[in-house]
């Protein structure tokens, strides 16, 4: 019987990425691998290397136990995932604020202010 994607290492890595509100490209850049590698891992064509798993765990606060077998060590994993999501949302808000500021400045230039 075929396992669902979340029951696989790739599915759990995809969950980490989505919880972090990242595209495959952004996730790949954060972990230091190619976007096509992220895609191949997520759909189950490849397994991540130990080094890639280490980088994901360090960067996103996941655990090897959860990544490999889907069992959380304890609530710290859930809390870490939530904190990462909050941190990423705060960063996106800052980016949007900066973009909004640039648009206002550009609008002022167009209006001749």
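Read-outs: derived from the displayed coordinates by stated rules, not from any lab. Given the structure is predicted, the values throughout are model-derived calculations rather than measurements. Positions of Cβ are generated from backbone atoms using ideal geometry, with glycine treated the same way; all protein chains shown enter the neighbour counts.
Couple of notes before you dig in:
- Order of 25, 111, 55 under a 10 Å beta carbon neighbour criterion, fewest first: 111, 25, 55
- Gain on full stretching of the segment that runs from residue 43 to residue 97 - 0.36 nm per residue minus C-alpha separation: 16.0 nm
- Cα long-axis angle, helix 50-60 against the chain (0 to 90 degrees, to the nearest 10): 50
- Model label points for residue 69 and residue 110, set 7 angstrom from Cα along the Cα-to-Cβ axis, are 5.9 nm apart.
- The relative contact order of the range 5-111, computed from alpha carbon pairs under 8 Å that lie at least 6 residues apart in sequence, is 27 percent.
- In terms of surrounding Cβ atoms within a 10 Å radius of their Cβ, 36, 109 rank from fewest to most as 109, 36.
- In terms of other Cβ atoms within 10 Å, 113, 85 run from fewest to most in the order 113, 85.
- Hydrodynamic radius by Kirkwood, which averages 1/r over all alpha carbon pairs of the chain, in angstrom: 15.6
- Once the Cβ-Cβ distance of residue 25 and residue 82 is raised to the sixth power relative to R0 = 22 Å, the FRET efficiency obtained is 0.40.
- Two-site label geometry, residue 18 and residue 59: point separation in nm, points 7 Å out along Cα→Cβ: 1.9
- Helix 75-111 axis versus longest C-alpha principal axis of the chain: approximately 20°, rounded to the nearest ten.
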